[in-house]
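First the structure, in the form of structure tokens, and then the observations on it.
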Amino acid sequence: MTAVPSTPPVLDDADLDLVAALQVAPRAPLSALADVLGSSASTVGRRLGRLAEERLLRVIGQVEWPMLAEGNPMHIWVATAPGQAWEVARQLSELPEIPFVATTTGRTDVYCSLHATRRDRARELLMTRIPSVPGVRSAHTELVLRATAKSDSWRLRRLDDAQVRALREVADPVAEPTAVTGFGDDELRATELLRRDGRASAADVARGLGISRSTAYRLTQSLLQRGLVRPRVEIEPALLGHPLEVVIELHAAPGAIQDVADALARHPSARYVSIVAGTSSVIHHGVFRDEEGLAELLTRDLATLPGITACEVSVVLDVLRRYWIGREDGRLLAQDR
């Protein structure tokens, strides 16, 4: 029996407005979202529930790196044998230390990131486990030193200034991440719960951890206000009208690296921008509405940044996993880690 291709999901204007509102205030009450969007709380709740039930949208918690692992993440470009790219990507996506993996064109056939809980495990993966995946010919790795933009900062620009201001008034205040040291078991358990459900209430945390609601509230607010957990919307960019996704490696003079990274972090395409140690200097992971948008970045925006000496572009073809969440036809699968 021949498999029938699934129909790509489509979001209407009201769906897109809700996504844009949640990007500004991921934990906003339904009543506040309804006020801003000119709807009712029950309607917004049903719409949010439908998007979640159809596995199109999830509000998760983006966790600061030291609470997940000993070291920083790494970017990895994997060259594969002819015809083996998708199978290699699939096998890599099964490794719990791989938060992101996609097939690509350009420098190599597969691009992924690695974030192992222990440094010795990272060495094992880089030296033995990944090279031994059938179909892998070679791998090139770059260590992330500092991120100037992460996925929680990318916005779908649909709301007007008044709507954004109203949402920011009800959004949880989030500070720049503080030093991540000395956290206890309850904080780690609360972090894991919020990582899976960025809209979890104090009551949800209390039930999940078996603690009092007042303690759960203090834990939750501490993690959020210290920037250790940053709630954000998880949804495929293509569903939001940005089907073109690229990873750009930029080479820059040492004195220009920070300025280049900061400028790219402010670019509307930026989902993840990092300063790296490797053959390149800055990695820009961006999404675009079309090829013209990418052309504008490459020919105009980058041209205004002094110090860039070269760049190399990898175009993402198929994302198999993003932030430890598997993908299939634009829909979200279970969170693995």
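The values are calculated or read from the model by the stated rules, or taken from the named source; none is laboratory data. Fair warning: this is a prediction, and the values are worked out from it, not measured in the lab. All Cβ positions, glycine included, derive from the backbone under ideal geometry; neighbour counts span all protein chains shown. Please note that ligands, DNA and RNA were not included when accessible areas were found on the heavy atoms of the full protein model with its side chains. Shrake-Rupley method; radii C 1.70, N 1.55, O 1.52, S 1.80 Å.
For the stretch 245-337, what does the convex hull of the Cα positions come to per residue, in cubic angstrom? Walk me through the numbers before you get to the answer.
Values: hull volume 10.4 nm³, N = 93.
Residue-normalised Cα hull volume stands at 111 Å³.
Connecting C-alpha atoms closer than 10 Å in a GNM of the chain, tell me which of Ala162, Ala25, Ala139 has the biggest fluctuation.
Top of the fluctuation ranking is Ala162.
Kindly list the residues of the stretch 113-149 that lie in the label zone of Glu87, defined by a backbone N under 15 Å from the point 7 Å along the Cα-to-C-beta vector.
Answer for the stretch 113-149: 132-137.
What does the extension gain come out to for Leu188 and Thr105, with contour length at 0.36 nm per residue minus their alpha carbon separation?
Details: separation 83, 0.36 × 83 = 29.88 nm, distance 3.83 nm.
Once the chain is fully extended between Leu188 and Thr105, it gains 26.0 nm.
Is the shape of the stretch 1-82 rounded, prolate or oblate, going by the alpha carbon gyration tensor and its root eigenvalues a ≥ b ≥ c, with a/c under 1.5 for rounded and a/b larger than b/c for prolate? Please list the in-between numbers first.
Numbers: a/c = 3.04, a/b = 1.31, b/c = 2.32.
The shape class here is oblate.
Rounded to the nearest 500, what is the 222 nm mean residue ellipticity of the chain from helices alone, with -39500 (n - 2.57) per DSSP H run of 4+ residues and division by all residues? Each step should come with its number before you reach the end.
On the way: 11 runs with 106 residues, N = 337.
Rounded to the nearest 500, it is -9000 deg cm²/dmol.
Determine, from the Cβ-Cβ distance of Ala295 and Ser40 and an R0 of 41 Å, the FRET efficiency 1/(1 + (r/R0)^6), rounded to the nearest 0.05. Show your work: numbers first, answer last.
Working: r = 43 Å, r/R0 = 1.04.
With R0 = 41 Å, the Cβ-Cβ based efficiency is 0.45.
Using the eigenvalues of the Cα gyration tensor, what equivalent ellipsoid semi-axes result for the stretch 218-260 when each is taken as the square root of five times the eigenvalue, whole Å, largest first? Walk me through the numbers before you get to the answer.
Details: eigenvalues 186, 110, 7 Å².
With the √(5λ) rule applied to the stretch 218-260, the semi-axes are 31, 23, 6 Å.
Could you please state, rounded to a whole Å, how far the C-alpha centre of the stretch 26-56 is from the C-alpha centre of the stretch 182-255?
Centre-to-centre (Cα) distance: 19 Å.
How much length would be gained if the chain were fully extended between Leu126 and His251, taking 0.36 nm per residue of separation minus their Cα-Cα distance, in nm to one decimal?
Numbers: separation 125, 0.36 × 125 = 45.00 nm, distance 2.34 nm.
Going from the current span to full extension adds 42.7 nm.
Sort out for me the Cα centre separation of the stretch 138-160 from the stretch 307-322, rounded to whole Å.
So the separation of the two Cα centres works out to 12 Å.
Taking amide H positions as placed 1.01 Å from N in the peptide plane, with prolines and chain starts having none, which residues 5 or more places from Arg271, or on another chain, fall under 5 Å of its amide H?
Correct list: His285, Gly286, Val287.
Rounded, prolate or oblate: which fits the stretch 234-297 when a ≥ b ≥ c are the square roots of the eigenvalues of the alpha-carbon gyration tensor, with rounded for a/c under 1.5 and prolate only if a/b beats b/c? Can you show the working numbers first?
Working: a/c = 2.36, a/b = 2.05, b/c = 1.15.
Prolate, since a/c reaches 1.5 and a/b exceeds b/c.
From Cα coordinates alone, what are the radius of gyration and Dmax values for the chain in angstrom?
20.2, 60
For the chain, with every protein chain kept in place, what is the accessible area per residue (1.4 Å probe, Å²)?
Working: 15550 Å² over 337 residues.
Value returned for the chain: 46 Å² of accessible area per residue.
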